[in-house]
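Beneath this line is the structure, given in C-alpha cells, with notes to follow.
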Amino acid sequence: MTTETISVPEIHCDHCKTSIEGALNPLEGVAQATVDIPSRHVTVMYESDLVSHEQLVRAIEDQGYDVPA
Ligand SMILES: [Cu+2]
C-alpha cells in the first residue's frame, strides 16, 4: 500500500472535498482518498500496481482542478 499526499491549491470548500473524494474513491486500487480543506491536500492510500499516480492526478484534473507538478 502506498500513501501519497497531493497538493491541490484550488481546494477551498466542502464541494471540492466531495467532488475530489467522489472521483478518487471509486477507482480500482484506491483504498481511501481524503481531502483536507485547510491544507488543500489530498491524501490517497492506494495499491500502486492497480492504479498509478498519473491516474490519480487525471481524476482530480477531470473534476476541474489544477494539480501542479
Ligand atoms: Cu470548493
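What follows draws every value from the coordinates through simple rules; no lab data is involved. Predicted, not measured: the structure shown is a model, and the values here were computed from it. Cβ: placed from backbone, ideal geometry, glycine included. Neighbour counts: every protein chain shown.
What are the pairs, 6+ residues apart or on separate chains, where a residue within region 4-26 that is farther than 11 Å from T43 by Cα has its Cβ under 9 Å from a residue that is within 9 Å of the ligand (Cβ to nearest atom) and of a type in the set (D, E, K, R)?
I11/K17; C16/E10
Scan region 30-60 for residues that are touching a residue at least 40 places away in the same chain (Cβ under 8 Å) and either among the acidic types (D, E) or not in a helix (DSSP H, G or I) (or both) and jot them down.
Those that are touching a residue at least 40 places away in the same chain (Cβ under 8 Å) and either among the acidic types (D, E) or not in a helix (DSSP H, G or I) (or both): T43, V44, M45, Y46, E47, S48.
Of the residues in region 1-29, how many are under 15 Å from V67 (Cα atoms), not in a strand (DSSP E or B) and not acidic (D, E)?
Total satisfying the criteria: 10.
Residue-by-condition table, conditions (1) within 16 Å of the ligand (Cβ to nearest atom); (2) not charged (D, E, K, R):
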position: T3; (1), (2): no, yes
position: S7; (1), (2): yes, yes
position: V35; (1), (2): yes, yes
position: V42; (1), (2): yes, yes
position: E54; (1), (2): no, no
position: R58; (1), (2): no, no
position: E61; (1), (2): yes, no
position: A69; (1), (2): no, yes
